[in-house]
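Asker: Have a look at the structure that comes next, please.
The values are calculated or read from the model by the stated rules, or taken from the named source; none is laboratory data. What you see is a predicted model; the values in this text were computed from it and never measured. Glycine also receives a Cβ, built like all others from the backbone with ideal geometry; neighbour counts cover every protein chain displayed.
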Amino acid sequence: MRIALFVTCLADTMFPAAAKATVLLLERLGHEVVFPQEQTCCGQMHINTGYQKDALPLVRRHVRTFEPYDVVVAPSGSCVGAVRHQHAMVAAGDPGLAARATEVAARTYELSELLVDVLGVEDVGAYYPHRVTYHPTCHSLRVLRVGDKPLRLLQHVRGLDLVELPAAEQCCGFGGTFSVKNADTSTAMLADKMRHVLDTGADVCTAGDASCLMHIGGGLSRLRTGVRTVHLAEILASTEA
Amino acid sequence: MSTFLGMPVRAPRGVGHLRGDQSFPAAAKEALGNSQLRRNLQHATTTIRGKSGRVIAELPDWQELRSAGSALKAYTMANLPLLLTQLEEKVTAAGGVVHWAADANEANQIVTDLVARTGEKRVIKVKSMATQEIGLNEALEAAGIAPVETDLAELIVQLGEDKPSHILVPAIHRNRAEIREIFLRAMPGVDPKLTDDPPVLAGAARRYLREIFMRTKVAVSGANFGIAETGTLAVVESEGNGRMCLTLPDTLITVMGIEKVVPAWADLEVFLQLLPRASTGERMNPYTSMWTGVTPGDGPQNFHLVLLDNGRTAVLADEVGRQALHCIRCSACLNVCPVYERTGGHAYGSVYPGPIGAVLSPQLTGVEDNASLPYASSLCGACFDACPVKIDIPSILVHLRNQAPHARTEAAVMAAAAYTMDHPRLYASAQRAAKLARIAGRRGRGLPPPLNGWSASRDLPSPPDETFRDWWRGR
Ligand code: SF4
């Protein structure tokens, strides 16, 4: 299958490992990955911070960039959520654009959705010999409803010791600009998330969103816990050398 | 009924409890440092989430009930003028008197005048959000009338000269030691040997309130539902103290927000299943009191219904925001909210805290008066899933953020960022610049304001050697 990568601005700039892993994983599974160069950012930060007008050109760019492709994948539940649930709303003043946005959204998948629902694989042939706990990010969980798809993928990874995260469905406190505008509350939420991660005894905390992992990982690193965060795509892309 | 031309009125300033003295982040910061508050909230919200989750899981048709509740509310809002007029007719026909209050000041004036006309100097109160919203207690006190809250938690708040911090459990921020202290200090005639054993505390409140119930001739209540078809008002509660107020006095004055009207008696079938399970985690609430006007020889012989707008019509005018009027005040969204669980209700500065407060208060007052509230959420979506009438709170939050006034520097930065993102060349050089800046200068912990909120508690990731884009090009 020919799959267009919607890399997301955060993974492109700060977490290229997650994006590379997405490419290598899909290629290993026998698919062709293309990277439309005109893409930048889906506009989620602008939309969620109250700047819909500024986000409109970004929505237009996103639609134009990904329109030619039958399947689009992003290693981010949150950005796919914005495409699926916000783009048409931002474009409401331009019905033509809104309709096109809706069509692109219908062909855009978060990585675990693409693997399980579209490509029909749960065992991607990965090997990752670590104790891992999975944090279901809010937008994967409640906006996209990916359910247990990421867990099913992880359960098939050889060598991986999957441990359940207590109070997993509680928000980690990231919330985009929330983490800056309400830094204290965000940190209080993070403290509880980190406590639960540490309680599992895992050495790796994984998720489908680089943004939440940046926040959780930033906290774990500040406290020198020795627990690291790794994007789901990187685990799934790992193989026995 | 007053008629309005042009934009409907907002809740007026200087009266009632819809605006805080501080922004949410500032108030939250104080609350977060209160370890007793944190512990109480965590315990209370975790307990109620568990209880509610269990009884909701018993109902195979919970999702259908939610949809029915949502549809009934949408129908009601679309037909509000008609339904309110119908309610007025039915209440009047049953011997009640209906008053229309455009805002908090009018409502307070109407109630104060009605009480003054009875010559009584004290009223007993059923727990009510609407009367808290308009600051009725303060208005009554200013007129020399003593209001006595009879809901146990509301009484604790009143005696403690405190503010409610939860819709349903107003004293959720207090523990039993604090409650004992408040009772010893402020409850007339309390036994000085009072312990902090919960049944003992409840017993003390019961003895105090019984005396008051027997000797007070006027009651003030809110209403959970007002049925247009029959003119029946309904109050649901757990303690029975509300029932005392609704049945013992000669005069009953009910203040009801105009959005609380429901079309028909049969609609209660839906709401009375949704409300107790979502709010207290009970299959059925212990007391459901209903009354239709006046019944000769039984219960209050004078009944007044005050229909309160106070900004609600303005909310109704907003196509996205109007969903907030569907709220049945169950407080499920508070109990599942990770922000509320940590900050408590006072940080929201309004009688309506938590997720519903973050979307309702700014709409009632106008967003400029509560500009920080739409941002008091990580948009995690737990509230939407929990809401028994399916109010899409995250979407309303995003909608209100778009209406909120923005600081000029922030707006400039956001516009510049959007411009950069819309020009791939600029975007690529911004990526490189960000990397260089990181490597050159700020490898340490600090970031300049406002980003120092991030670096105060979180390390920044090490900059990658190349962006994904670079890697792709070099393949
Ligand atoms: S918004 Fe929904 S969940 Fe929150 S109090 Fe109202 S009805 Fe309950």
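Asker: For the structure I just gave you, tell me whether A:Val143 is among the aliphatic types (A, V, I, L, M), within 8 Å of another protein chain (Cβ to nearest Cβ) and crowded, with 16+ Cβ neighbours inside 10 Å.
Answerer: Here the answer is yes, as A:Val143 does meet what is asked.
Asker: Right, another one. Whether any residue in segment A:129-150 is touching a residue at least 40 places away in the same chain (Cβ under 8 Å), of a type in the set (Gly, Ala, Ser), not assigned by TED's automatic domain parsing to the domain that holds A:Cys9 and not in a loop (DSSP other than H, G, I, E, B) is what I want to check.
Answerer: Taking every residue of segment A:129-150 in turn, at least one turns out to be touching a residue at least 40 places away in the same chain (Cβ under 8 Å), of a type in the set (Gly, Ala, Ser), not assigned by TED's automatic domain parsing to the domain that holds A:Cys9 and not in a loop (DSSP other than H, G, I, E, B).
Asker: Can you pull out the residues in segment B:293-312 that are among the β-branched types (Val, Ile, Thr) and surrounded by fewer than 20 Cβ atoms within 10 Å (Cβ to Cβ)?
Answerer: Correct list: B:Val294, B:Thr295.
Asker: Is segment A:106-115 home to any residue that is in contact with a helix residue (DSSP H, G or I) (Cβ under 6 Å, 6 or more places away or on another chain) and surrounded by fewer than 21 Cβ atoms within 10 Å (Cβ to Cβ)?
Answerer: No.
Asker: Sort out which residues of segment B:188-232 are touching a Cys at 6+ places or on another chain (Cβ under 9 Å) and not in a strand (DSSP E or B), and write them in order of number.
Answerer: B:Phe213, B:Thr216
Asker: Within segment B:395-405, can one find any residue that is more than 16 Å from the ligand (Cβ to nearest atom) and more than 9 Å from chain A (Cβ to nearest Cβ)?
Answerer: yes
Asker: Any residue in segment B:318-341 that is away from every other protein chain (no Cβ under 11 Å) sitting within a Cβ distance under 7 Å of a residue that is of a type in the set (D, E, K, R) and within 13 Å of the ligand (Cβ to nearest atom)? List the pairs, counting only those 6 or more apart or interchain.
Answerer: Between residues of segment B:318-341 that are away from every other protein chain (no Cβ under 11 Å) and residues that are of a type in the set (D, E, K, R) and within 13 Å of the ligand (Cβ to nearest atom), the close pairs are B:Gln323/B:Asp392; B:Leu325/B:Glu259; B:His326/B:Lys73; B:Asn335/B:Arg49.
Asker: Can I ask one more? Can you spot a residue in segment B:268-287 that is touching a residue at least 24 places away in the same chain (Cβ under 8 Å), among the hydroxyl-bearing types (Ser, Thr, Tyr), surrounded by fewer than 23 Cβ atoms within 10 Å (Cβ to Cβ) and in a strand (DSSP E or B)?
Answerer: Yes, segment B:268-287 has at least one match.
Asker: Right, here's the next one. Just to be sure I understand the filter: pairs with C-beta atoms under 7 Å, separated by 6 or more residues or on different chains, first member in segment A:49-70 and at the interface with chain B (Cβ under 10 Å from one of its Cβ atoms), second member of a type in the set (Lys, Arg) and not in a loop (DSSP other than H, G, I, E, B). Which pairs pass?
Answerer: Close Cβ pairs satisfying both conditions: A:Thr49/B:Arg401; A:Gly50/B:Arg401.
Asker: Here's another thing I want to ask about it. Being within 13 Å of chain A (Cβ to nearest Cβ) and away from the ligand (no atom under 13 Å from the Cβ) is the filter here; which residues of segment B:349-367 pass it?
Answerer: B:Pro362, B:Val367
Asker: List every residue pair whose Cβ atoms sit under 7 Å apart, with the two residues 6 or more apart in sequence or on different chains, where the first one lies in segment B:448-468 and is more than 7 Å from chain A (Cβ to nearest Cβ) and the second, anywhere, is surrounded by fewer than 19 Cβ atoms within 10 Å (Cβ to Cβ) and not in a loop (DSSP other than H, G, I, E, B).
Answerer: B:Pro463/B:Lys435; B:Pro463/B:Arg438; B:Pro463/B:Ile439
Asker: Can you name the residue in segment B:41-61 that is within 17 Å of B:Phe271 (Cα to Cα) and buried (at least 17 other Cβ atoms within 10 Å of the Cβ) and is also nearest to the chain's Cα centre (by Cα) among such residues?
Answerer: B:Ser52
Asker: May I pose another question? Hey, can you tell me all the residues within segment B:98-141 that are part of a strand (DSSP E or B) and β-branched (Val, Ile, Thr)?
Answerer: Scanning segment B:98-141 gives B:Val98, B:Val123, B:Ile124.
Asker: For segment B:368-382: of the residues being more than 10 Å from every other protein chain (Cβ to nearest Cβ) and buried (at least 23 other Cβ atoms within 10 Å of the Cβ), which is nearest to the ligand (Cβ to nearest atom)?
Answerer: Residue satisfying both the conditions and the ranking: B:Leu373.
Asker: Among the residues of segment A:184-213, count how many are over 21 Å from A:Tyr128 (Cα atoms), within 22 Å of the chain's Cα centre (by Cα) and buried (at least 20 other Cβ atoms within 10 Å of the Cβ).
Answerer: Adding up the residues that qualify gives 8.
Asker: Still on this structure, I have one more. With the structure loaded, tell me whether B:Val339 is farther than 19 Å from B:Glu133 by Cβ and surrounded by fewer than 20 Cβ atoms within 10 Å (Cβ to Cβ) or whether it fails that test.
Answerer: No; evaluated as a whole, the condition is false for this residue.
Asker: Can you tell me which of B:Val359, B:Val294, B:Val306 is of a type outside the set (Lys, Arg) and within 15 Å of the chain's Cα centre (by Cα)?
Answerer: One residue alone meets the criteria, B:Val359.
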